[in-house]
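Student: To start, I am sharing the structure in question, which I have written as structure tokens.
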Amino acid sequence: MNKINLSQKQSEIVDLNTGSFLIEASAGSGKTRVLTERVKKLLENNSSKILAITFTNKASEELKERIDLDKHKNKNIFIGTFHSFCQTILEARFKLLGFPRMPQIFEDENDRIEIVEEALKSIPAFTEFYNNLDSKEKPIYKSKVLSFISSVKRELAEPEDLITDEGDEHFLFLYNEYQDILKSNNAVDFDDLILLVYKLFANNEAVQNLYSKSYNHIFIDEGQDLNKAQYYLLKSLCGNQIKNVMIVGDPNQSIYGFNGSTPKYMRTFFIEDFNAKKINLEENYRCSKKVIDAANKLMNLKVEAVNYVIEGKFEIYKAKNEKDEGNFVVENIKNLINLKEHNDIEGLIDYNSIAILGRNKFVFKYIEDELQKNNIPYYFKSGNIGIKFQTTFMKLFDNYFRIKINPSDKLHAKRLKKLLKIEDFEDEVLITKSKYPYFLVIQKIIQNLNEDNFKKSLNKVIEEIKDFTFFSDDEKLEIYNEVEELKNLWIEYSYNNIKPNLIGFKNTISLGILKKDSKQEGICLSTVHTMKGQESEIVFLIGLDDGTFPYYLAIQNGEEDLLQEKNNLYVAFTRAKRFLFISYPSIRIMPWGDAKMRSISRFLKIFNK
Ligand code: ATP
Ligand code: MG
């Protein structure tokens, strides 16, 4: 833990008395730090009943770590994302919301797409319409339906309210059908988590009161990312009782507009509804002066760098092509790592202090090749969505597990059938030969699953696998590792839960709260969105050609979307503590093989000398 003192202004915020406050300040000004220190101070003064909400699991983890949450296990404090907070409430109150058992979260986009496909089948006219779309239009249409459904939930709207174009009335039908299918699977999606808890509070004063009374202080980090459902959930949770709400945020870092987020909830609504006082912080404690100068220039700001002692770097490299861009990054990494004593850098740089960021995941292809060729360790930082199992074994297991804990889950039963190529699931068995061993092992696991002693049942599986002669040693090792991993996740989950249960476990995995990558070492590859709120000594920002960053769709959509892209670039710049290397390829090879000339991102033209 950093033992640096707080600035005068920062400590004043930490010491504030009761009331509601908006801390609006730029990146790296110590907003999260101040929030953390204030929570710590409250805990030290034996205040409890604290709720701290962040937007990413990573941010929650960090907060828990910095606060040393383990020391305060007996106190009433909850730290988590909006989604994880709502999940715990749902777990306790699902009956009030009309679910017979705790619903399962369908977090995977593919699951949602499959539900839309099923909904489209329910009326012949829709089926025909959909079938007549060509293969390029089909996914676009489905994602339009899904974003309509999400908007209804995030905007707390009635589906009718969001129909703008004539002829879109069928969205109403699809919305209802989608919801019915979810319900018949005893499942909810991500947006439902927030909406259902909002509705619960709105319709049930007793429950609302109970939760209001559970908290004296509420904190929200990254407040610019609030959307309507989240803001009104906050408001309804507070009711007339909770008066101490602190939101910290930076309007220039608003990058979730596509989720219906806008800074107006913290800047306007919060100030008015909670009579909140606004406080600013002006200095930046994270970045070197070179980085701050560039970020200021990009956003037309006048933030001061406090970290002036550290020599920084801001460099833009025009690469010939993507391969050359990959080379540029790797050569610089090698230089940084090899220089034992670097003139510009105090201390040594290791792989863990380097991040490579991109607008989208697809920009990493060539970099990955280069990193692998050079034996440089790296990992992808995962976002908020849960673990995606990679091996055949775990994919099958995941489906089987879902059906076992939620017998209403017809969607994954169908998927399992497909994966196993079973002709008739109910009457057993026509499983392809290659899948049969997996099937046997998984069946064994499922038969032995015992909620009261899940760990023991997994241990038993590990023991038994060694006797399965169908698997090669390599396969056995792979399965062993995956089961072991699952066991570790269960241990982590049960340590943090009073009443551990399998569906709660599965949902916690789906929300990405239990992480596989916590121990990952090496260079961090991440999208800018996932890196929000975090920092790295050295940042390589790749793929800064126009059309990639800003993304071509944002260019098509115009002003509002472009502003979000620019904010996103500002977020990217301000992740770098010391060096920021930016690069772009002059030629990009499209997936279908065409080579396209690319020019520098429109946002970076101001840096051209
Ligand atoms: P972002 O908007 O990117 O989330 P932030 O405003 O939340 O940024 P923090 O992450 O809290 O900023 O702080 C940025 C960095 O500066 C952290 O490494 C933090 O430990 C450090 N820092 C914050 N305040 C001070 C201080 N008074 N003295 C020295 N370092 C500080
Ligand atoms: Mg922060």
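Student: What number of residues in region 66-80 are part of a helix (DSSP H, G or I) and among the acidic types (Asp, Glu)? Give the derivation first.
Tutor: To start, the set of residues in region 66-80 that are part of a helix (DSSP H, G or I) comprises 66-67, 69-72.
Next, from what is left, pick out any that are among the acidic types (Asp, Glu): 70.
Within region 66-80, residues that are part of a helix (DSSP H, G or I) and among the acidic types (Asp, Glu) number 1.
Student: Moving on to the next point. Just to be sure before I move on: is ILE255 part of a loop (DSSP other than H, G, I, E, B) and within 16 Å of ligand 1 (Cβ to nearest atom) in the structure I sent? Please lay out each step first, then the result.
Tutor: Working: part of a loop (DSSP other than H, G, I, E, B): yes; within 16 Å of ligand 1 (Cβ to nearest atom): yes.
For ILE255, the condition - part of a loop (DSSP other than H, G, I, E, B) and within 16 Å of ligand 1 (Cβ to nearest atom) - is met.
Student: Hey, another quick one. On the basis of being closer than 29 Å to SER236 by Cα and modelled with pLDDT under 95, does ILE163 make the cut? It would help to see each step written out before you state the result.
Tutor: Working: closer than 29 Å to SER236 by Cα: yes; modelled with pLDDT under 95: yes.
Here the answer is yes, as ILE163 does meet what is asked.
Student: Then there's this: Of the conditions (1) outside any loop (DSSP other than H, G, I, E, B); (2) surrounded by 20 or more Cβ atoms within 10 Å (Cβ to Cβ); (3) away from ligand 2 (no atom under 16 Å from the Cβ), GLY543 satisfies every one except a single condition; which number is it?
Tutor: In the conditions (1) outside any loop (DSSP other than H, G, I, E, B); (2) surrounded by 20 or more Cβ atoms within 10 Å (Cβ to Cβ); (3) away from ligand 2 (no atom under 16 Å from the Cβ), GLY543 misses (1) alone.
Student: Another question, then. Given (1) surrounded by 17 or more Cβ atoms within 10 Å (Cβ to Cβ); (2) touching an Asp or Glu at 6+ places or on another chain (Cβ under 8 Å); (3) at pLDDT 95 or above, where does TYR570 come up short, assuming only one miss?
Tutor: All conditions pass for TYR570, except number (2).
Student: Suppose we filter SER29, SER60, SER47 for residues that are part of a loop (DSSP other than H, G, I, E, B) and within 25 Å of ALA572 (Cα to Cα); which single one remains?
Tutor: Working: SER60 fails: part of a loop (DSSP other than H, G, I, E, B); SER47 fails: within 25 Å of ALA572 (Cα to Cα).
None of the other options fit; the residue is SER29.
Student: If you don't mind, there's one more thing I want to ask. Look at region 7-40 and say how many of its residues are away from ligand 2 (no atom under 15 Å from the Cβ) and either touching a residue at least 60 places away in the same chain (Cβ under 8 Å) or more than 29 Å from the chain's Cα centre (by Cα) (or both).
Tutor: Here the count works out to 12.
Student: Kindly indicate whether any position in region 129-152 is among the acidic types (Asp, Glu) and within 23 Å of the chain's Cα centre (by Cα). Outline the logic, then answer.
Tutor: We begin by selecting, within region 129-152, every residue among the acidic types (Asp, Glu); these are 134, 137.
Then drop every residue that is not within 23 Å of the chain's Cα centre (by Cα), which leaves none.
Within region 129-152 (the criterion being among the acidic types (Asp, Glu) and within 23 Å of the chain's Cα centre (by Cα)), the answer is no, since none of the residues qualifies.
Student: Of all residues in region 61-71, which are under 22 Å from the mean Cα position of the chain (by Cα) and either under 29 Å from GLY257 (Cα atoms) or away from ligand 2 (no atom under 13 Å from the Cβ) (or both)?
Tutor: Matches in region 61-71: GLU61, GLU62, LEU63, LYS64, GLU65, ILE67, LEU69.
Student: Here's a follow-up. Any residue that is within 16 Å of ligand 2 (Cβ to nearest atom), under 19 Å from VAL248 (Cβ atoms) and surrounded by fewer than 18 Cβ atoms within 10 Å (Cβ to Cβ) - is there at least one of those in region 73-95?
Tutor: no
Student: If you don't mind, another one. Out of (1) surrounded by 18 or more Cβ atoms within 10 Å (Cβ to Cβ); (2) closer than 24 Å to MET266 by Cβ; (3) free of Cβ contacts under 8 Å to residues at least 40 places away in the same chain, the odd one out for PHE171 is which?
Tutor: Going through the list (1) surrounded by 18 or more Cβ atoms within 10 Å (Cβ to Cβ); (2) closer than 24 Å to MET266 by Cβ; (3) free of Cβ contacts under 8 Å to residues at least 40 places away in the same chain, PHE171 breaks only (2).
Student: Also: Among the residues of region 182-218, write down those that are within 30 Å of HIS412 (Cα to Cα), out of contact with any Phe, Trp or Tyr (no Cβ under 9 Å at 6 or more places or on another chain) and of a type in the set (Lys, Arg).
Tutor: LYS199
Student: May I ask you to list the residues in region 55-94 that are touching a strand residue (DSSP E or B) at 6+ places or on another chain (Cβ under 6 Å) and closer than 14 Å to LEU35 by Cβ?
Tutor: Selection gives SER60, LEU63, LYS64, ILE77, ILE79.
Student: What helices (runs of 4 or more DSSP H) completely inside region 164-241 contain at least 2 residues that are within 24 Å of THR56 (Cβ to Cβ)?
Tutor: Values: elements: 170-184, 190-203, 205-214, 228-238.
Because the criterion is at least 2 residues that are within 24 Å of THR56 (Cβ to Cβ), the helices (runs of 4 or more DSSP H) in region 164-241 that meet it are 190-203, 205-214, 228-238.
Student: Please work out which residue is nearest to ligand 2 (Cβ to nearest atom), limiting yourself to region 41-60 and to residues that are modelled with pLDDT of 85 or more and surrounded by fewer than 20 Cβ atoms within 10 Å (Cβ to Cβ).
Tutor: Only one residue fits best here, namely LYS41.
Student: If you take the residues in region 30-58 that are in contact with a Lys or Arg (Cβ under 8 Å, 6 or more places away or on another chain) and within 21 Å of TYR285 (Cα to Cα), which one is nearest to ligand 1 (Cβ to nearest atom)?
Tutor: THR36
Student: I'd like to check something: does region 580-595 contain any residue that is touching a helix residue (DSSP H, G or I) at 6+ places or on another chain (Cβ under 8 Å), crowded, with 23+ Cβ neighbours inside 10 Å and closer than 22 Å to GLY30 by Cα?
Tutor: yes
Student: Another question, if that's okay. Only residues that are within 21 Å of HIS83 (Cα to Cα) and surrounded by fewer than 20 Cβ atoms within 10 Å (Cβ to Cβ): list them for region 174-189, please. So that I can check it myself, show each step before the final result.
Tutor: First, pick out the residues of region 174-189 that are within 21 Å of HIS83 (Cα to Cα): 178-179, 182-183, 185-189.
Within region 174-189, GLN179, LYS183, ASN186 qualify.
Student: Still on this model: Determine whether region 570-584 contains at least one residue that is touching a residue at least 12 places away in the same chain (Cβ under 8 Å), within 15 Å of ligand 1 (Cβ to nearest atom) and over 20 Å from SER288 (Cβ atoms). Working first, answer last.
Tutor: Of region 570-584, the ones touching a residue at least 12 places away in the same chain (Cβ under 8 Å) are 570-584.
When the remaining residues are screened for being within 15 Å of ligand 1 (Cβ to nearest atom), the result is 570-578, 580.
Filter once more, so that each one left must be over 20 Å from SER288 (Cβ atoms): none.
No - not one qualifying residue is present in region 570-584.
Student: Sort through TYR231, TYR211 and tell me the only one that's surrounded by 21 or more Cβ atoms within 10 Å (Cβ to Cβ), under 20 Å from PHE21 (Cβ atoms) and hydroxyl-bearing (Ser, Thr, Tyr). Break it down into steps so the answer makes sense when it comes.
Tutor: Working: TYR211 fails: under 20 Å from PHE21 (Cβ atoms).
One residue alone meets the criteria, TYR231.
Student: So GLY260 clears everything in (1) modelled with pLDDT of 95 or more; (2) away from ligand 2 (no atom under 16 Å from the Cβ); (3) farther than 27 Å from ILE77 by Cα except one condition, right? Which one?
Tutor: (1)
The values are calculated or read from the model by the stated rules, or taken from the named source; none is laboratory data. In this text, all values refer to a predicted model and were calculated from it rather than measured experimentally. Here the Cβ is made from the backbone with ideal geometry for all residues, glycine too, and neighbour counts use every protein chain on show.
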